[in-house]
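These notes concern the structure reproduced below.
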Amino acid sequence: ATKAATYNTLGIYDPPDYVRPERLRAWELGLKTTGLDGRLRVNAAAFDYDIQDLQQIYVSIFAGGLTSLQNAARGRVRGIDVDLAAQLWPARIDNLMLTASAAWLAARYAAFPDASGFDDQGYFRTNQDYSGNRIVRTPKFSASAMLNKAWFLGAGVLGAGIDVYYTAATDYEASNRLLTRQDAYWLLGARLGYLFTHWGFSLTASVRNLTNTAYFAGLVVNDFGFQPNLAPPRIWALQLGWGF
């Protein structure tokens, strides 16, 4: 079992509700390669997860106002992960590195009858059937990339970099209702820093979420609506470091 069995304790006078253990059957095929005289590294993996009695969370006053667990009879997650690191145009440009990763996921509740959750109007319902819905927090596609360049200047190293992140839409409820779905979004960041190698002293200026994108870092749903945990807006930073 990947998660042990437990009980939902709904109240003093109610018998505890048994939550079955979650069990996982996993298949994975991976590949690790290095080429171009060590200037390129590619890792990839394809996987198939069959999850029996997948444990899912919901919060409702009809369940005692507490966080409760329920079992989805079966979940299926199949996907591909790829990551790479490459030194770009080494004959023309020194110390220019690209790192990137991507993930494709097909994640569905293969069988989820007798489910509890909130309908499109926000009312708590039992005996729902979420079979075929997308598993929560599993975007179909996500990717990130980072480009870094270093220059040896004077008594140290000047480094600059940009990074980008993308994720497809993400569901926060097993019902997959649109109200609590996080739409796809992009994030962009950049940094510029100098390392004084002799003293181990560094100075770095950076910006995160450069485009000031508004998105959820998390979300809690209950009978009174939903409370999103908003991710930080654009953040500028100046950091001093000293290694000794």
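Read-outs: derived from the displayed coordinates by stated rules, not from any lab. The structure presented is a predicted model; accordingly, all values stated were derived computationally and were not measured. All Cβ positions, even for glycine, are placed from backbone atoms using ideal geometry, and neighbour counts span all protein chains on display.
Quick one: if the Förster radius is 51 Å, what FRET efficiency do Thr126 and Ala237 give, using the C-beta to C-beta distance and rounding to 0.05? Rounded to the nearest 0.05, the efficiency is 0.60. If the segment from Ala91 to Ala160 were pulled out straight at 0.36 nm per residue, it would be longer than the present Cα-Cα gap by 22.9 nm. Summing Lys and Arg as +1 and Asp and Glu as -1 over all other residues whose Cβ lies under 10 Å from the Cβ of Ala86 gives a net charge of +2.
With Rh defined as the Kirkwood radius, the inverse of the mean 1/r over Cα pairs, the Rg/Rh of the chain is 1.09. The relative contact order of the chain, computed from alpha carbon pairs under 8 Å that lie at least 6 residues apart in sequence, is 12 percent.
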